[in-house]
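Below is one structure, written out as structure tokens; comments come after it.
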Amino acid sequence: MHSVLKVNDDCSVSREAAFEALRRAKKAAEPASRAKSSFVATLSHQLRTPLSAIIGCAEIIAREVFGPLENERYRACATDIHRSSLHLLQIVNEVLELSKAEAGKLELDETIFDLGETIRVVHRLLGARFCAAGLTVALDLPADLPLLRGDERKTRQVLLNLVVNAVTFTPRGGHIAIAARFDPAEGLVMTISDSGIGIAPDDLDRVLEPFEQVPSACNRLQPGSGLGLPLVKAIIERHGGALGLTSDLGSGTRASVTFPPQRAVFDHPVRDHLLPLLL
């Protein structure tokens, strides 16, 4: 009996010691985490100001606002500067958003909006890119799709990131499908499927980690930051939803974004106004 009590006491002491060690480690790590988040936020803000100036000046030069350029190559250089600066600004913004998410400070500007129309807007925005990539794109949006209560800008960012990924990793002649549906148990589900090069099942978790990329011929030609999918995941989880990825090498990828059922809105003036236009 005494030996049993002693074993139990020893186990209790061991657990308490382990919990205390974890508590101390967590407390020690918190200042470093706050310092990292503060540094990233400050650096991102400092970078955005000069980048905005570079983008504006490059656009002025490319459009020849103050007069014609004597050499055509100058205009091409200005266009390259403009595009590269926009890409760099996107990376800076993604780093800042991810930093906020890690610190638990990713805020949502919630409104009630038409998810179907947001998908159509992204489809129109990327129309030229679809043509240049030689891809066909299909939309599947039911007329009775409910409205969504959430952050419209961030939802558009989610969709843009996922569709641009699909374009990047789908060879010419391929196909992309964008669909949305409502399920009472699951919620509002948005899916982006492609017929691209796919991802090995063992690498699916890896591509959801910041700055991680799976080597392929496509991302050697069009390198990315490795921030798109982690940011999508952070935004959707902040909405209380989930990001799902299914893929196999050579058979394409399917990304599904699920917003919880309570974010669906069926009875709202916006929907009553839009429904006749959609039917």
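The values are calculated or read from the model by the stated rules, or taken from the named source; none is laboratory data. Quick caveat, the model's predicted, so the values are computed rather than measured. Quick reminder, even Gly has a Cβ in these numbers, built from the backbone with ideal geometry, and neighbours come from all protein chains shown.
Here are a few things to note about the model shown:
- Those helices (runs of 4 or more DSSP H) lying entirely in the range 182-279 with at least 3 residues more than 18 Å from VAL164 (Cα to Cα) and modelled with pLDDT under 75: 269-278
- Residue within the range 72-87 that is of a type outside the set (Lys, Arg), surrounded by 14 or more Cβ atoms within 10 Å (Cβ to Cβ), at pLDDT 75 or above and within 20 Å of the chain's Cα centre (by Cα) present: yes
- Test: residue in the range 150-169 that is surrounded by 18 or more Cβ atoms within 10 Å (Cβ to Cβ), small (Gly, Ala, Ser) and in a loop (DSSP other than H, G, I, E, B): no
- The requirement of being closer than 25 Å to THR170 by Cα and either touching a Pro at 6+ places or on another chain (Cβ under 9 Å) or assigned to a strand (DSSP E or B) (or both) is fulfilled nowhere in the range 121-132; no residue meets it.
- Residue count, the range 170-206 (criterion: charged (D, E, K, R) and crowded, with 21+ Cβ neighbours inside 10 Å): 1
- One residue alone among CYS131, CYS57 is in the same structural domain as VAL164 (by TED's automatic domain parsing) and hydrophobic (A, V, I, L, M, F, W, C), and that residue is CYS131.
- Annotation: ALA62 fulfils all but one of (1) closer than 29 Å to THR155 by Cβ; (2) of a type in the set (Gly, Ala, Ser); (3) at pLDDT 80 or above; the unmet one is (1).
- Residues located in the range 118-129, provided they are surrounded by fewer than 16 Cβ atoms within 10 Å (Cβ to Cβ) and touching a helix residue (DSSP H, G or I) at 6+ places or on another chain (Cβ under 9 Å): VAL121, LEU125, ARG129
- Residues in the range 44-71 that are surrounded by 12 or more Cβ atoms within 10 Å (Cβ to Cβ) and among the β-branched types (Val, Ile, Thr): ILE54, ILE55, ILE60, ILE61.
- Of residues in the range 88-112 being modelled with pLDDT of 80 or more and among the β-branched types (Val, Ile, Thr), the one surrounded by the fewest Cβ atoms within 10 Å (Cβ to Cβ): THR111
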